[in-house]
Amino acid sequence: MTSPMLSATGVRAVRLLARATPLSLVLGATLIVPAPAGGQNTPPRPDPVVAIAPPRQPLPPEAASVGVSRFSFIVYGDTRGRRDGVQEQYEHSLVVDGMLRTIAALEKGPDPVRFILQSGDAVVNGRDPKQWNVSYVGLINRLTTTGGVPYFLAPGNHDVTSSGDLASPGRAEGLRNYLQAVNQLIPPDGATRRLTGYPTFAFGYGNTFVLGFDSNIAEDSTQYAWVASQLEGLDRKRYQHVVVFFHHPAYSSGPHGGAIIERPTAAVRARYMPLFRRHRVEVLFTGHEHLYEHWVERWRDSAGKPQRMDQIVSGGGGAPLYSYQGEPDLRDYVRAAGTDSVRVEHLVKPGVEPGDNAYHYVVVHVDGPRLWLEVIGVDWGRGYLPYRTNRATLTDSSGRR
């Protein structure tokens, strides 16, 4: 007699299984074989990306910090690891350990760390939720909870793919995972300081304004217009310092630079650099190259006044280290600047061997109108001295604005 709990389909499945299976394993006509949900050939869906924990000490509303002129922040990039999705990023964990020591050391001083910027390539394959969950999110939780500070990530090509097509399926998948990871960290869709639907955002703290954008889609007109509107609407009496961070450097000397001009780099040069000069952006923080180098771009504004913009390439967050590959050819870039009379100086070059370029992070100190930085090497690179010391002041006799 057939059990009333079995459907006709279930009975057929039992009979078929009994013909192909030893009787001792069938256990009579009461064996129930549930069909897998979604069809027998449907693979299990991966777990969604877990959101990074919000900071224990979030930034105050923009208007509430208007009088702040002394603090510090940390910058680094390229944390992807060799065993992403299998275990926590080891080299990145060494960098995080160092950051936590810096945060604790500065906490009671005159310039405590108020936020961290990461210029992209969090994981090897941002389309894989497991890589975010297993290898990255837990480390950043240490910074936002134990360290207590806000954390802001600009997407790299490994996070959202290098496609410049917003409709690319791979990009959409990576972007979804990125946004799930950072949805408690960046301004929400609809906020004044967020471009809705994009990984593009800004915030102000004290006398410093920070803007992060997606250089993978540097040709995109919607993103460009939003960035331009943010810069055009700034109160420059309050915001003495304007900082922009993104993944692809405007120029670099690693394997992504030198004689190579990648598509995002070309777009950054052609579209964003004139915009940044026009609005007197002070510092660019980028990654993509797994090394440290420092560039200074000088030009004259429409009134003939000398200006300066620094570009810090800091990609020593844990990804395999790169080395110097040669100088980029900037002749066309300089010619295109026309009346701006641009000159570019390579102030600090990376070493010619990967072992010359340490895992590191950068501590930027804001002291009124002055900015200065420390490059902190970790592990075997603790003695890293890119300036013959590990400190530099982002100003000189030519001025900056």
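Roughly what % of Cα-Cα distances in the range 270-401 sit above 26 Å, to the whole percent? The proportion of pairs with Cα distances above 26 Å equals 26 percent. Under a 5 Å amide H cut-off, with hydrogens placed 1.01 Å from N, Phe245 pairs with Leu211, Gly212, Phe213, Phe285 among residues at least 5 apart or on other chains. Taking all C-alpha pairs of the range 66-184, those more than 23 Å from each other amount to 32 percent.
Within straight-line reach of Lys305, meaning a Cα separation under 22 Å, sit the following lysines at least 8 residues removed in sequence or on another chain: Lys237. What fraction, in whole percent, of alpha-carbon pairs in the range 187-249 exceed 17 Å separation? Value for the range 187-249: 38 percent of Cα pairs lie more than 17 Å apart. The string of couplings for the range 188-199 from the Karplus curve (6.51, -1.76, 1.60, θ = phi - 60°) is x, 3, x, 6, 4, 9, 9, 7, 4, x, 10, x Hz, one whole number per residue in order, with x for Gly and Pro. Accessible surface comparison of Ser168, Ser314, Ser162, probe 1.4 Å, protein chains only, largest first: the order is Ser162, Ser168, Ser314. Here the convex hull built on the C-alpha positions of the range 98-256 has a volume of 138 cubic angstrom per residue. When all protein chains stay in place and ligands, DNA and RNA are ignored, the 1.4 Å accessible-area order of Thr79, Thr196, largest first, is Thr196, Thr79.
Might you tell me the accessible area per residue for the chain, computed with a 1.4 Å probe and given in Å²? Don't skip to the answer; put the middle values down first.
Working: 17540 Å² over 401 residues.
Per residue, the chain has an accessible area of 44 Å².
Normalising the Debye intensity of the range 139-232 to I(0), with uniform scatterers on Cα atoms only, and taking log10 at q = 0.13, 0.23, 0.26 Å⁻¹ returns -0.46, -1.28, -1.46.
Taken along its three principal axes, the alpha carbon spread of the range 179-313 comes to 40, 38, 26 Å, from the longest extent down to the shortest. So if I take the centroid of the Cα atoms in the range 332-401 and the same for the range 126-173, what is the distance between those two points in Å? The range 332-401 and the range 126-173 have Cα centres spaced 26 Å from each other. Dimensions of the range 337-401 based on its C-alpha atoms, expressed as ranges along the principal axes with the largest first, amount to 45, 31, 16 Å. Rounded to whole numbers, the Karplus 3J(HN,Hα) couplings from phi for the range 331-340 are 4, 5, 5, 5, 4, 5, 6, x, 5, 5 Hz, using 6.51 cos²θ - 1.76 cosθ + 1.60 with θ = phi - 60°, and x at Gly and Pro.
Per-residue Karplus couplings for the range 117-125, computed as 6.51 cos²θ - 1.76 cosθ + 1.60 with θ equal to phi - 60°, are listed in order as 10, 10, 8, x, 6, 5, 9, 5, 10 Hz, Gly and Pro entered as x. Electrostatic bookkeeping for His365 treats Lys and Arg as +1 and Asp and Glu as -1; over the other residues with beta carbon under 13 Å from its beta carbon, the sum is +1. How much of the accessible area of the range 50-90, probe 1.4 Å, is carbon plus sulfur, in whole percent? Of all accessible area on the range 50-90, carbon and sulfur atoms account for 55 percent. In this structure, the amide hydrogen of Tyr151, modeled 1.01 Å from its nitrogen in the peptide plane, lies closer than 5 angstrom to those of Ile116, counting only residues at least 5 positions away or on a different chain. In this structure, the amide hydrogen of Gly254, modeled 1.01 Å from its nitrogen in the peptide plane, lies closer than 5 angstrom to those of Gln325, counting only residues at least 5 positions away or on a different chain. With all pairs of different C-alpha atoms in the average, the Kirkwood value for the hydrodynamic radius of the range 328-367 is 13.7 Å.
Within the chain, all pairs of alpha-carbon atoms sorted by distance into 20 Å bins from zero give the percentages 26, 52, 12, 9, 1. Computed on the range 241-304, the Cα convex hull volume stands at 92 Å³ per residue.
The values are calculated or read from the model by the stated rules, or taken from the named source; none is laboratory data. The structure displayed is predicted, hence computed values, not measured ones. As a convention, Cβ positions derive from the backbone with ideal geometry for all residues, glycine included, and neighbour counts pool all protein chains shown. Note: accessible area is taken over every heavy atom of the protein model, side chains too, but ligands, DNA and RNA are not part of it. Shrake-Rupley method; radii C 1.70, N 1.55, O 1.52, S 1.80 Å.
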